[in-house]
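Only one structure is covered here, and it is reproduced in the block below.
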Amino acid sequence: MSWGTELWDQFDNLEKHTQWGIEVLEKYIKFVKERTEIEIGYAKQLRNLSKKYQTKKNSKEEEESKYTSCKAFQTTLNEMNDYAGQHEVISENMTSQITAELTRFVQELKQERKSHFHEGRKAQQHIETCWKQLEASKRRFERDCKEAERAQQYFERMDADINVTKADVEKARQQAQIRHQMSDDSKGEYSSVLQKFNREQNDHYYTHIPGIFQKLQDMEERRIGRMSDSLKTYAEIDRQVVPIIGKCLDGITKSAESINGKQDSQMVIESFKSGFEPPGDVDFEDFTQSMKRTVSDNSLTNTKADGKSDAKVPSKSRGKLWPFIKKNKLSLKLGATPEDFSNLPPEQRRKKLQQKVDELNKDIQKEIDQRDALTKMKDVYTKNPQMGDAASVGQKLAEIGHNIEKLRFEVQKFEGWLAEVEGRLPVRNDNSRRQSGLYETQNTTTANNCAQDRESSPDGSYTEDQSQETEVKVTPTEFDDDFDDEEPLPTIGTCKALYPFSGENEGTISVAEGEVLNVIEEDKGDGWTRIRRNEDEEGYVPTSYIEVYLDRNAKGAMTYI
């Protein structure tokens, strides 16, 4: 079926129809544009959502990300980020393969349609001009025929009238002949114009218009075919990303299946295990001993001395350790972490030390690799001086060698602390343990066992977790008043400082290396010894920083061999 033969007289309707077809294509282009905007917006929202819940570096969340559930959640966020990327791919492909292509195609259609209808209007104007010429020739022929007929009638009347002169009759006859001649000429012209018009009309309706309408039909069919192809492309663009989106969803499913509750529970143990032993039984404290004291001054004095040195009888000096420990714990929470991680429980300290040793070993390996590379470069420069200065490389090698020595010293230091924690070193007596200088630092009070905390508490209460420790409010003036009211503790031995100690925390005392001081309270198992420099200056120092010589004659005193 052809528009040229079937719709030869529907020029105006075809013009409207083709315009409507282009508008449909433009509407589809607008639809695809809005779809691409939605895809871009959706992808952006997905990316922002994924970024919002990503683990932040150097935060508590980064430490928690080691659990399988957290890893699965992070994997889900990453997969959603890739999922968002596929929606961006949809938007990009639709923009390039549909919107841009169809926009160009629509502009071409508009130009082609305009050209065809311009040609059709031109053909219509030409046939209308031919028709007007035919009508004019026809009217002229009709007029000349009527005038010739009137002239013939006038001549016949004049010829029949006897009163008319011969000259008038001749004149009427000549006039009738002229009119007949004009009529014949008009007839010939009309016949010629009519034949020409018929030819033009035949060409118009059977050649020109069918050709133009056929071009319009081809254009419209191309538009429809392009619309069909574009819809297929629209679906194919979505279909192309379906496998990738499926992989993203499979990744989320796989990450969900990787969650292991038992493994996470074991990680909780590794993260929070202190290494301390559970507290033992609480000793019975006999407060009736004060009732058994004699009235004599000698016995009273001895009882006082006994009460100060007896570990089972609570005393003010025993109570002084508790507020110091609590304040020191609070200060550690606000201050910097000590280098040997002595503020941590044994198990956590071991993990941190092992991690530090591994990091230092990696740094050493990097330096060694760099040293090997520079050594080869130096050899090349030595053999070929024109390639570079071997002396400059030698200077860098010296710097690297110095760095390696420093790192190895650090490794030895941390391995010493690690060996101390793991118990790999030989068991030594208390005296040699103090001389090592590697076991405790000024912040070891946070590693106290539960029994010491319980023993050091003024009211004998047991505080285990840190949340309870932070709730304990200690007023320094109250304990300062206790110190003022208390009689000075007796000296139970002497000590020599093996290392300098700054004593920056409250309750501690600074000492210089080699300084000899008096011991007034021995280490109760918390890593601290109470010493006195003079009658007015006393405090605690780490037991590992001093070498203690207890008086054998002092009651309740023990000698560190």
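Summary of computed values
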item: ³J(HN,Hα), Karplus 6.51/-1.76/1.60, whole Hz, each residue of the stretch 175-186, x for Gly, Pro; result: 5, 5, 4, 4, 5, 5, 5, 5, 5, 5, 5, 5
item: Unit charges on C-beta of K, R, D, E only; dipole of the stretch 56-164, Debye; result: 260
item: Fraction of accessible area attributable to carbon and sulfur, the stretch 65-149 (%, probe 1.4 Å); result: 50
item: 5 angstrom amide H check on residue 508, placed H, neighbours 5+ away; result: 540
item: In order through the stretch 43-55: 3J(HN,Hα) via Karplus (6.51 cos²θ - 1.76 cosθ + 1.60), integer Hz, x for Gly, Pro; result: 4, 5, 5, 5, 5, 5, 5, 5, 5, 4, 9, 5, 5
item: Length gained when the stretch residue 63-residue 516 is fully extended (0.36 nm per residue, less Cα-Cα span); result: 158.6 nm
item: Potential lengthening between residue 97 and residue 115 on full extension [0.36 nm per residue; Cα-Cα distance subtracted]; result: 3.8 nm
item: Links that overshoot a 31 Å alpha carbon limit, given the list 352/406; 351/376; 71/273; 114/232; result: 351/376
item: Cross-link pairs beyond the 32 Å C-alpha cut-off, checked among 51/413; 33/66; 30/254; 56/362; 138/215; 60/362; result: 51/413; 33/66; 30/254; 138/215
item: J(HN,Hα) series, the stretch 141-150, from Karplus relation 6.51 cos²θ - 1.76 cosθ + 1.60, nearest Hz, glycine and proline x; result: 5, 5, 5, 5, 5, 5, 5, 5, 5, 5
item: FRET efficiency, residue 274 to residue 422 (Cβ-Cβ, R0 22 Å, nearest 0.05); result: 0.90
item: In nm, spacing of pseudo-spin labels at residue 205 and residue 396 (7 Å Cα→C-beta vector); result: 9.6
item: Surface accessible to a 1.4 Å probe, residue 399 within the full protein complex, Å²; result: 100
item: Translational diffusion coefficient (Stokes-Einstein; Kirkwood radius from C-alpha pairs) of the stretch 84-234 at 10 °C, 1.306 mPa s, in µm²/s; result: 74
item: Distance histogram in 5 Å bins (all Cα pairs of the stretch 351-409, percent per bin); result: 4, 20, 23, 17, 12, 9, 7, 4, 3, 1, 0
item: Gained length - residue 187 relative to residue 265, 0.36 nm times residue gap less alpha-carbon distance; result: 16.4 nm
item: Cut-off under 5 Å, modelled amide H: who pairs with residue 529 long-range; result: 541, 543
item: Shape call, the stretch 192-289: gyration tensor on alpha carbons, a/c limit 1.5; result: prolate
item: Kirkwood Rh, Cα atoms: Rg over Rh of the stretch 51-115; result: 1.47
item: Solvent-accessible area per residue for the stretch 507-552 (1.4 angstrom probe, square angstrom); result: 40
item: Cα-projected label distance for residue 125 with residue 5, points at 7 Å along beta-carbon direction, nm; result: 3.1
item: Dipole of the stretch 23-101, positive direction: furthest Cα of 100, 75, 46, with charges on the beta-carbon; result: 75
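The values are calculated or read from the model by the stated rules, or taken from the named source; none is laboratory data. The structure presented is a predicted model; accordingly, all values stated were derived computationally and were not measured. Every residue, glycine as well, gets a Cβ built from its backbone with ideal geometry; the counts of neighbours run over all protein chains shown. The area values use the complete protein model at the heavy-atom level, side chains included, leaving out ligands, DNA and RNA. Shrake-Rupley method; radii C 1.70, N 1.55, O 1.52, S 1.80 Å.
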